[in-house]
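The values are calculated or read from the model by the stated rules, or taken from the named source; none is laboratory data. Here the structure is a predicted model, which means the values were calculated and not measured. Just the protein is used for accessible areas: all its heavy atoms, side chains included, with ligands, DNA and RNA removed. Shrake-Rupley method; radii C 1.70, N 1.55, O 1.52, S 1.80 Å.
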Amino acid sequence: MRRAIGTILTAAISMGVPAGPGHAAAPERHSLSYVNSFTTSDFCSFPTRFEWTGTGYGTIFTDAQGNFVLQRDRIRETLVVTNTENGTSLSGRDAYQISGDASGRFTRVGLWFHLTSPGRGVVLHDVGRVVLSEGEIVL
């Protein structure tokens, strides 16, 4: 097996074909944390406050010229949704991966929105994989 791999690499090098990601720039790793909130009446007939607290880490990939190729982030967050009129809250803990490439294609995979009610369990959730291109769902 090692001999076959060596033969393939030797042939690729002699033909001028890159033998892997050697021509790409080293990936840039980062971490993130955030707190975000807003209040709206767009979703319910009463004012509702949405509060996210999240952490994550990711990697940005560029080519040899430094041009953006791909960004991939893994996120863990807590969401609390509160009825501002009576103080009733629902909450959820989510984990998902988001990625975007140079073409503008955006992919989100995992559990990115769910709410539970004490004593009732999950009352709303959004989970799976969605792919967007230019703001339109393509998958």
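Measuring nothing but how far apart in sequence close Cα pairs (under 8 Å, 6+ apart) lie, relative to its length, the stretch 97-139 scores a relative contact order of 34 percent. Taking 8 Å as the Cα distance limit and 6 or more residues as the minimum spacing, I'd like the relative contact order of the stretch 45-139 as a percentage. This gives 20 percent for the stretch 45-139.
Take the stretch 27-136 with all the other protein chains still there, run a 1.4 Å probe, and you get 64 Å² of accessible area per residue.
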